[in-house]
Number of protein chains: 2
Amino acid sequence: MPEAPHQTVAILIIGNEVLSGRTREANAWFAAQTLFDVGCKLNEVAIVPDVESDIVNTLNRLRKSHDAVITSGGIGPTHDDITMQSVANAFRVALLEHAQTIQLMTHFYGTEALTEGRRRMARLPQGAQPIICESSICPGALIENVYVFAGVPHIFASQLQSVLHAFGGQAFVRQEIEITCAESSFAAALNDIQLQHTDVEIGSYPAHCGKKPLGKICLSGRDEAKITAVRTQIEQMLKDIQPS
Amino acid sequence: MPEAPHQTVAILIIGNEVLSGRTREANAWFAAQTLFDVGCKLNEVAIVPDVESDIVNTLNRLRKSHDAVITSGGIGPTHDDITMQSVANAFRVALLEHAQTIQLMTHFYGTEALTEGRRRMARLPQGAQPIICESSICPGALIENVYVFAGVPHIFASQLQSVLHAFGGQAFVRQEIEITCAESSFAAALNDIQLQHTDVEIGSYPAHCGKKPLGKICLSGRDEAKITAVRTQIEQMLKDIQPS
């Protein structure tokens, strides 16, 4: 575990099933919400196929530019599960059977049912710690600043929960304002307000209901009182341009 | 439009709202399904914040390693919409008002309602072609091999549809086999089958129903007859290990 909690994170989703449109990505979506709530900034998400060079190159890029990286997927027993081997290669270390995990699995499955496929799931990059969670006997792994998690959503969630104390600090908060006029009518005024308050992130997200403009202005940051004050200022600005 | 259809694509999603967990990513998910159906390989998805250097660096990396890049988001009129400027910077060209688009917008909105915010949406990187679709008067853009689309899902979908003839060729097809035994019980046999048929991509995706293993083996490729043959081989293999 790190000495101080991670403030910035990247997520690496590994899986042909997401890139081929078979499976809708769910773990980055879950982690994004969870990390926001604990005040850790998710800076980037990358989705790559089950191809070792893609995993190694992307992981090596991400782990150098963010406090931590969370990977999802590819740690099962089948031929398309190549994440642990790829992580080991990224760190230029061996992939070794983890004795304590083999003991746990032997206890859980019994010696006979500890097949080659299951033994494969007990292999970790040399120097990695297993990440144990309630949802699976097969561990994730932590090596340096890289957390290797499962792709099955309930196991991913459980693994993230088990190490969440290592992420974030002061929670982010979010407030939203409904808009019923075209973005272009308030864009300049909203820009002025954003420039006055650089510690509040202001986003404008349009939608449409037929030809009627609709949408939301979203404010986020760590200081709730400040966000409320900026929100009041934006609401006044909107009243001035769209008197009801 | 390209001389030959793009065979490989990367998608660049631009938006703090996705990274902060406010909005569940929908456009890469839609594009992944659409590209699979037309036989174009989605090789990578990157999600980055509304930060110019992140957009520029990621776009320059992706456009050199894939036939084409599709970007999503950040082309509206507000301060957080910086994609067109970032794309222009990535290509080291100016961002210019597109005369034909201004004409179209003047016709649509009338001269008075053509505000500064709306004019902003008529700016394209120098040398780019506007991408016109049914869902929006404000264009996307095509510059070299980069397609710049909106983040609003129905506009993104409409823009992708309007250029889809430039992607793919022979459609991919997919077949699935339900599994009711642990992956570890067939992992070695499935690996053997995968090694025999490198033109069919075989993935194994576990799920669980309580303690009972469940899941699917998924086969995809371009040759449906071949996929059906491999499927039969896998079904026989599964019967041999789990006689019913």
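The values are calculated or read from the model by the stated rules, or taken from the named source; none is laboratory data. Worth saying up front: this structure is predicted, and the values here are computed from it rather than measured. Methodologically, a virtual Cβ is constructed for each residue, glycine included, from the backbone with ideal geometry; neighbour enumeration extends over all protein chains shown.
Scan segment B:171-189 and report the pairs whose first residue is in contact (Cβ under 8 Å) with a residue 60 or more places away in the chain and exposed (fewer than 15 other Cβ atoms within 10 Å of the Cβ) and whose second residue is part of a loop (DSSP other than H, G, I, E, B) and not basic (Lys, Arg), with Cβ atoms within less than 6 Å and a gap of 6+ or a chain change.
Close Cβ pairs satisfying both conditions: B:Ala171/B:Gly39; B:Cys181/B:Gln242.
Is there a residue being aromatic (Phe, Trp, Tyr) and farther than 30 Å from A:Arg120 by Cα anywhere in segment B:107-119?
Yes, there is a match, as at least one residue in segment B:107-119 is aromatic (Phe, Trp, Tyr) and farther than 30 Å from A:Arg120 by Cα.
Filter segment B:41-68 down to the residues that are surrounded by 20 or more Cβ atoms within 10 Å (Cβ to Cβ), in a loop (DSSP other than H, G, I, E, B) and away from chain A (no Cβ under 11 Å) and list them by number.
B:His66 - this is the single residue of segment B:41-68 that is surrounded by 20 or more Cβ atoms within 10 Å (Cβ to Cβ), in a loop (DSSP other than H, G, I, E, B) and away from chain A (no Cβ under 11 Å).
Can you pull out the residues in segment A:20-36 that are touching a Lys or Arg at 6+ places or on another chain (Cβ under 8 Å) and either under 16 Å from B:Glu17 (Cβ atoms) or assigned to a helix (DSSP H, G or I) (or both)?
Those that are touching a Lys or Arg at 6+ places or on another chain (Cβ under 8 Å) and either under 16 Å from B:Glu17 (Cβ atoms) or assigned to a helix (DSSP H, G or I) (or both): A:Trp29, A:Leu35, A:Phe36.
In this structure, is A:Thr71 polar (S, T, N, Q), at pLDDT below 95 and not in a helix (DSSP H, G or I)?
Considered against the rule, which asks whether it is polar (S, T, N, Q), at pLDDT below 95 and not in a helix (DSSP H, G or I), A:Thr71 comes out as no.
Restricting to segment B:167-191, count the residues that are modelled with pLDDT of 90 or more, closer than 23 Å to A:Ser20 by Cβ and not basic (Lys, Arg).
16
Quick check on my filter: what residues within segment A:166-195 are more than 12 Å from every other protein chain (Cβ to nearest Cβ) and of a type outside the set (A, V, I, L, M)?
Of everything in segment A:166-195, those that are more than 12 Å from every other protein chain (Cβ to nearest Cβ) and of a type outside the set (A, V, I, L, M) turn out to be A:Phe167, A:Gly168, A:Gly169, A:Gln170, A:Glu178, A:Thr180.
Looking only at segment A:1-43, count every residue that is farther than 28 Å from B:Pro206 by Cβ and modelled with pLDDT of 95 or more and tell me the total.
Residues meeting the conditions: 11.
Taking segment A:196-213 as the search range and keeping residues that are surrounded by fewer than 14 Cβ atoms within 10 Å (Cβ to Cβ) and under 27 Å from A:Asp37 (Cα atoms), which one is farthest from the other protein chains (Cβ to nearest Cβ)?
First pass over segment A:196-213, keeping only residues surrounded by fewer than 14 Cβ atoms within 10 Å (Cβ to Cβ): A:196, A:198-199, A:207, A:209-212.
With under 27 Å from A:Asp37 (Cα atoms) added as a condition, the list becomes A:196, A:198-199, A:207.
Working: A:Gln196: 12, A:Thr198: 12, A:Asp199: 14, A:Ala207: 7 Å.
The extreme case among them is A:Asp199.
Which condition number does B:Met105 fail, the rest of (1) closer than 18 Å to B:Cys138 by Cα; (2) touching a Pro at 6+ places or on another chain (Cβ under 7 Å) being met?
Every condition holds for B:Met105 apart from (2).
If you go through segment B:1-33 one residue at a time, how many are buried (at least 18 other Cβ atoms within 10 Å of the Cβ), over 30 Å from A:Leu219 (Cβ atoms) and more than 7 Å from chain A (Cβ to nearest Cβ)?
Residues meeting the conditions: 3.
Would segment A:145-156 turn up any residue that is at negative phi, part of a strand (DSSP E or B) and surrounded by fewer than 17 Cβ atoms within 10 Å (Cβ to Cβ)?
Looking through segment A:145-156, none of the residues is at negative phi, part of a strand (DSSP E or B) and surrounded by fewer than 17 Cβ atoms within 10 Å (Cβ to Cβ).
For residues that are closer than 30 Å to A:Tyr205 by Cβ and in contact with a helix residue (DSSP H, G or I) (Cβ under 9 Å, 6 or more places away or on another chain), scanning just segment B:157-170, find the one that is surrounded by the fewest Cβ atoms within 10 Å (Cβ to Cβ).
B:Gln161
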